[in-house]
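S.K.: One structure is given below, represented as structure tokens, and several questions about it will come after.
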Amino acid sequence: MCNLYSMTSNKDAIRELARFMNATSAADNLKRMPAIFANGHGPIVRNTSGGRELAIARWGMPSHPYALRDKNYDSGVTNVRETEKRHWEPWLGIENRCVVPANAFCEPDQASGSKENTWFALDESRPLFFFAGIWTPQHTSVRKVKDGETTDDLYAFLTTDANEEVKAIHPRAMPVFL
């Protein structure tokens, strides 16, 4: 599943499409991010009491406790598919919805078994688009053992069945585009 994407648009382009009102200090000087990896940081546009806000958050929602039973860290869940599972229920309300700006996403070739990365975008010019997402504020956990405990805003993409183009590379799923 998608654990690498690219966001190379600027804050003004995101503002034009998402119509956010504010930007956090970390997102105010948004730089090009040609490679955002799982457990890394990326921009999101989230709902707040003051309106839509552009923020930088860590990619990977909290894992189900069952998945952590033998681990002393939680690198997070980057792609959420089974939203009917009780684990996701606290984050499915409007207050935890977000959009994730992107220009392309990458899937390893699972269909042929080569695992070679294939990039997908709306077209060759890689215009801005958004993934549907969820987020949670100020979650404390050990994301990487070497870093110890951290407190981060977290996010993940929602996923759906792969379309024909993506299915040729990754048969199971793809991020939800808005």
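The values are calculated or read from the model by the stated rules, or taken from the named source; none is laboratory data. Just so it is clear, the model here is predicted, and its values are computed rather than measured. Heads up, the Cβs are rebuilt from the backbone with ideal geometry, glycines too, and the neighbour counts pull from every protein chain shown. Just the protein is used for accessible areas: all its heavy atoms, side chains included, with ligands, DNA and RNA removed. Shrake-Rupley method; radii C 1.70, N 1.55, O 1.52, S 1.80 Å.
S.K.: Tally time: how many residues in the range 63-94 are closer than 17 Å to A132 by Cα and surrounded by 13 or more Cβ atoms within 10 Å (Cβ to Cβ)?
M.R.: Looking only at that region, the number is 9.
S.K.: Filter the range 159-178 down to the residues that are over 17 Å from G113 (Cβ atoms) and in contact with a Lys or Arg (Cβ under 7 Å, 6 or more places away or on another chain) and list them by number.
M.R.: If the condition is that a residue be over 17 Å from G113 (Cβ atoms) and in contact with a Lys or Arg (Cβ under 7 Å, 6 or more places away or on another chain), then T159, A173 are the ones that fit.
S.K.: Quick check on my filter: what residues within the range 102-116 are open to solvent by less than 40 Å² (accessible area, probe 1.4 Å) and farther than 16 Å from P34 by Cα?
M.R.: P108, D109 - these are the residues of the range 102-116 that are open to solvent by less than 40 Å² (accessible area, probe 1.4 Å) and farther than 16 Å from P34 by Cα.
S.K.: Here is a further query. Looking at the range 150-178, which of its residues are outside any strand (DSSP E or B) and either open to solvent by less than 60 Å² (accessible area, probe 1.4 Å) or touching a helix residue (DSSP H, G or I) at 6+ places or on another chain (Cβ under 9 Å) (or both)?
M.R.: Within the range 150-178, A162, V166, I169, H170, V176 qualify.
S.K.: Then there's this: Of N3, N29, N39, which residue is under 24 Å from R126 (Cβ atoms) and out of contact with any strand residue (DSSP E or B) (no Cβ under 8 Å at 6 or more places or on another chain)?
M.R.: One residue alone meets the criteria, N29.
S.K.: Condition test on H139, is it without any contact (Cβ under 8 Å) to a residue 24 or more places away in the chain and surrounded by 14 or more Cβ atoms within 10 Å (Cβ to Cβ)?
M.R.: So H139 fails the test.
S.K.: What number of residues within the range 1-29 satisfy the criterion of being within 18 Å of A104 (Cβ to Cβ) and open to solvent by 30 Å² or more (accessible area, probe 1.4 Å)?
M.R.: Result for the range 1-29: 6.
S.K.: I'm trying to understand the selection: among the residues of the range 51-80, which are outside any strand (DSSP E or B) and either modelled with pLDDT of 90 or more or touching a Pro at 6+ places or on another chain (Cβ under 7 Å) (or both)?
M.R.: Listed by number, the residues that qualify are G60, P62, S63, D74, G76, T78.
S.K.: In the range 144-178, what residues are within 16 Å of W59 (Cα to Cα), in contact with a Leu (Cβ under 9 Å, 6 or more places away or on another chain) and not aliphatic (A, V, I, L, M)?
M.R.: Result: P175, single match.
S.K.: Is one or more of the residues making up the range 56-63 closer than 26 Å to V142 by Cα, over 15 Å from the mean Cα position of the chain (by Cα) and among the aromatic types (F, W, Y)?
M.R.: Checked against the condition, which is being closer than 26 Å to V142 by Cα, over 15 Å from the mean Cα position of the chain (by Cα) and among the aromatic types (F, W, Y), the range 56-63 yields no hits at all.
S.K.: If you go through the range 134-149 one residue at a time, how many are in a helix (DSSP H, G or I) and hydrophobic (A, V, I, L, M, F, W, C)?
M.R.: 1
S.K.: Among residues belonging to the range 11-45 that are assigned to a helix (DSSP H, G or I) and without any contact (Cβ under 8 Å) to a residue 60 or more places away in the chain, point out the one that is farthest from A57 (Cα to Cα).
M.R.: My answer is E16.
S.K.: Kindly indicate the residue of the range 117-132 that is open to solvent by 80 Å² or more (accessible area, probe 1.4 Å) and touching a residue at least 40 places away in the same chain (Cβ under 8 Å) and also farthest from N96 (Cα to Cα) among those meeting that condition.
M.R.: Checking each candidate, the answer is N117.
S.K.: Also, I was wondering about something else. Given the structure, is D147 crowded, with 16+ Cβ neighbours inside 10 Å, of a type in the set (D, E) and out of contact with any Pro (no Cβ under 6 Å at 6 or more places or on another chain)?
M.R.: Against the criterion (crowded, with 16+ Cβ neighbours inside 10 Å, of a type in the set (D, E) and out of contact with any Pro (no Cβ under 6 Å at 6 or more places or on another chain)), D147 does not qualify.
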